[in-house]
Ligand code: PEP
Ligand code: MG
């Protein structure tokens, strides 16, 4: 073992850029110290030490580590003029974790380490403030007890509540020194009862236990869950560092305070210092939401001089880091210290606004402005908001802590949220008095979070914002009773299972479900996406089947339709019977009759799409229905038939009865009744209905397929029923000719699905050419269009060179291509075996979500290369679901595609992802 390894770095010496070794917090403390900010002296123990410790079966600290820690403690003693464990002038430190990735609230902090009964007296003498001393000591005992010794919080909370009650104290600051001394005594006993040992008094022993506790927390459930949820791999963060920092006190009287701040507003992005502070308090009071803090605007009134210093600190942080900072500060008797800074976690609205504004202020470039926003996070800007047309009375008002609106059933603890949300797939809203890090699994399972206490920087608010989930915090009008699983709001109440709605944008809480609407784009998002379009090579088109879809897609910035699924246009109550007629027709004439009725409808469909999208291209895919989707169910038909047959028999029976009335000497009125019954059902009509249904059943049976997804669909249908494709081609070309006639610029693209052979493509091209000639003659002008093919079967990839002879474009249908490549049914895999495959690592991702670059991608690359070898200007795109997935888009960029096409609401995500792909791709070496 190498005993000379340097594990411990003073803030003056650590490399502020080496977040992997020193953790984000530690590296920043080093950097802040080195750029001259007022940081309390301290040092960092590296993540490498953590990993060695966790690797060691007996969990012993690496050799040499403790000696290095002692050496640094001596240096701290020199810098502060205090002694660690010195009863006359004690040095106290905080011990904090911090890994390379910021994980808010995931790790534990211990404050005031170094206190024992002797040093406590030193603190009291030095400050002449017994109340302060006991307050510091009781905080230390609780934090150390909980974090390092595993004593549950509740044991302390119970004692503390009893003391507060006896003292009639509403808030902690109302407690006297005597109350706090008694608190310390009770807390020491709590620890001894829980652990069977007296509370450790030797400061160096305390420090060693604390360091190990921080290291251990890296492999604790909370941290492991968090990393899993956010896909934090060892590559991104491996082990936690430990930061040992000289304590400074925000609770040394009314000229002291503590606070947390963002250099810009993390909910809106507004360029204004944003945060909260508490006078005469310590850090965790703000974060835990135990006392309601004041907004920083108040500091200008209460401590104007410090408010100016804080503004200065803000400017220094932003100009140095060129990123919005989330920082903690303490004012100790009029002196401002910066305790921590990290890149601010903001919701996406704020990320987008700050990106645009920081670029305009010259802090960052356009490229940086784009790259600091994860494409997927734009989903947050597509969050629903409450329908403004619905008038609903809110029952409570809290702080708008994280925007967006959601409805769900109320649950009152994280485990229930997990059980009902994740386990049973219900939409739940986690309702708590306040949340703590151990509630994290409840966040993951919930639609939104509601708390009755705490500020906008409370745990609930920060974590929900990071996750992009709506949150209302500090709704003090709600009183939460976890044991009874109910919350009282004024005269009313709601229980577990009752539906509530919260609006994280306004802070309002409603009973029942309130309808929501789609959000608008902010002007900043428009600007940012405009920059994205300038940088990207891939164009972003949309999959849209209706004019409404197309309009929405355009609003989102789509520059065309990459896929209009024509079969979706037939899912209409009025059209479906005509489509069924077309399918079950016994003769070409009968089929033509149905098609003649469909032609004008389709022509109008295409006309509308062309008009909405003009002047951008509209790619229309010829019919590709798994045929069973359009046919009546065989069992339903059988049941209907047997009912009709029974009816026919009854009708015949009534006719016989009517004829027999003369034999019965029946009264006149009875004769009339029987006669009326005879007229009610005409047996010949019933016979006719039976004949139709029988024909339908026969057809349904004839067309039955065991695996319709691999059956009679796509171009196969076009081969067996050419009149269907002919009708569609005519509708496309006529609609285009009509548009052109009325001055609408159109670029129709005709796309053939499920193609395996060039002969199929040629056959369809024949129909297209002959109809085109007809339409051109009729309108006196040829219609410009492109003809291409979907690539969604393996053979199409393998025969790409030959398909390229006929096709002007390729469009990868990666939904089917994934199905075909894996031989996984796209209908069944995702809820049968794929979850197990993903959980057990047999497959890293769900290939129907994330393009399988290694398999499907390889086929795509071959097809692109072979296709372009024959036709260098072959236009290539993707229109499977992967077209809206950022990592898949990155692959499409590399593979040389021209466009991606995805559902309308994903278009902004795809636009940003396309820019990321272009910016991140290394310059291509000369081929
Ligand atoms: C595809 O297969 O990827 C595709 C876009 O077509 P569909 O999903 O309609 O089969
Ligand atoms: Mg397909």
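None of the figures in this text is laboratory data; all of them are computed from the coordinates on show. Owing to the predicted nature of the structure, the values given are computational and were not obtained by experimental measurement. Virtual Cβ from ideal backbone geometry, glycine too; neighbours counted across all protein chains shown.
Summary of values
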item	result
Cα extents of the chain along the three principal axes, largest first (Å)	117, 91, 55
q = 0.24, 0.26 Å⁻¹, the range 607-677: log10 I(q)/I(0) [Debye, one scatterer per Cα]	-1.02, -1.09
Relative contact order (%) - the range 34-136, alpha-carbon pairs under 8 angstrom, separation at least six	19
Proxy reagent accessibility, fewest Cβ within 10 Å first, across 582, 613	582, 613
Mean-position separation - Cα centroids, the range 487-511 and the range 60-118, in angstrom	44
Kirkwood Rh in Å, taken over all unlike Cα pairs in the range 697-741	12.6
Dimensionless Rg over Rh [the range 613-728; C-alpha; Kirkwood]	1.30
Stokes-Einstein translational diffusion, the range 91-238 - Kirkwood Rh over all Cα pairs, 1.306 mPa s, 10 °C, in µm²/s	96
19 Å tail of the calculated P(r), the range 577-642, as % of Cα pairs	52
The range 231-284-the range 123-148 distance, computed between alpha-carbon centres (Å)	20
Point-to-point label distance, residue 769-residue 858, nm (Cα→Cβ direction, 7 Å offset)	3.8
Euclidean distance between Cα centres, the range 649-683 to the range 739-764, Å	62
Value of [θ]222 nm, deg cm²/dmol, for the chain, DSSP H segments ≥ 4, -39500 (n - 2.57) each, nearest 500	-14000 deg cm²/dmol
Using alpha-carbon coordinates, inclination of helix 588-613 to the longest axis of the chain, degrees	40
Ranking of 317, 670, 175 by count of other Cβ atoms within 10 Å, fewest first	670, 175, 317
Crossing angle, helix 758-779 versus the chain [Cα axis fit, 0-90 degrees, rounded to tens]	70
Distribution of pairwise C-alpha distances over the range 840-880, 5 Å bins, in %	5, 20, 23, 20, 13, 9, 5, 3, 1
P(r) weight above 22 Å for the range 831-927, C-alpha pairs, percent	36
Helix 117-127 axis, angle to the chain major axis (alpha carbon atoms, nearest 10°)	80
With eigenvalues of the C-alpha gyration tensor scaled by 5 and rooted, the range 288-328, Å	22, 16, 6
Kirkwood hydrodynamic radius of the range 262-339, Cα pairs, Å	13.0
Extended-chain gain in nm, criterion 0.36 nm per residue less alpha-carbon gap, residue 308 and residue 422	36.3 nm
Computed over the range 705-836: relative contact order in percent, which uses C-alpha pairs under 8 Å that are six or more apart	22
Whole-number D in µm²/s for the range 399-449 (Stokes-Einstein; Kirkwood sum over Cα pairs; 4 °C, 1.567 mPa s)	121
Global form of the range 511-586, assessed from the alpha-carbon gyration tensor, a/c cut-off 1.5	oblate
Column: log10 I(q)/I(0), Debye, Cα scatterers of the range 721-782, q = 0.22, 0.28 Å⁻¹	-0.90, -1.24
Packing-based exposure ordering (other Cβ within 10 Å, fewest first) of 814, 546	546, 814
Sequence-separation-based contact order of the chain, relative, with Cα cut under 8 Å and 6+ spacing, percent	9
Cα gyration tensor, the range 338-469 - rounded (a/c under 1.5), prolate or oblate	prolate
P(r) tail fraction, the range 195-342 - alpha-carbon pairs more than 21 Å apart, %	57
Shape category assigned to the range 698-825 from the gyration tensor of Cα positions, a/c cut at 1.5	prolate
